[in-house]
Amino acid sequence: MPDQEIRCCACARLLFKMQAGALSGALSIKCPRCRAFNHLRPTSPNPERKIAPDPLGAKS
Ligand SMILES: [Zn+2]
């Protein structure tokens, strides 16, 4: 499985690399170049089904 390159959303600077699936929760990282905050979430859903109740989803 190839490493995933995580780049800044504002200036595209390479922040770090990680294996796909390595991220198990939300992550925030501040770009050292442009100081923009990048918010990351796992790309694939958790194997453990922890589905938080969505109050907005009830109406759909
Ligand atoms: Zn940046």
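The values are calculated or read from the model by the stated rules, or taken from the named source; none is laboratory data. Predicted model, so just to flag it, every value in this text is computed and none were measured. Virtual Cβ from ideal backbone geometry, glycine too; neighbours counted across all protein chains shown.
Which residue pairs have Cβ atoms closer than 8 Å, lie 6 or more positions apart in sequence or on different chains, and pair a first residue in region 8-19 that is basic (K, R) with a second residue that is not in a loop (DSSP other than H, G, I, E, B)?
Sorted first by the residue in region 8-19, then by its partner, the pairs are R13/R7; K17/D3; K17/Q4; K17/E5; K17/I6.
Identify, please: which residue in region 1-11 is part of a loop (DSSP other than H, G, I, E, B) and more than 7 Å from the ligand (Cβ to nearest atom) and is, among those, nearest to R41 (Cα to Cα)?
Looking at the filtered set, the residue picked out is C9.
So in region 18-38, with the set limited to residues that are modelled with pLDDT of 95 or more and not in a loop (DSSP other than H, G, I, E, B), which one is surrounded by the fewest Cβ atoms within 10 Å (Cβ to Cβ)?
Residue satisfying both the conditions and the ranking: S28.
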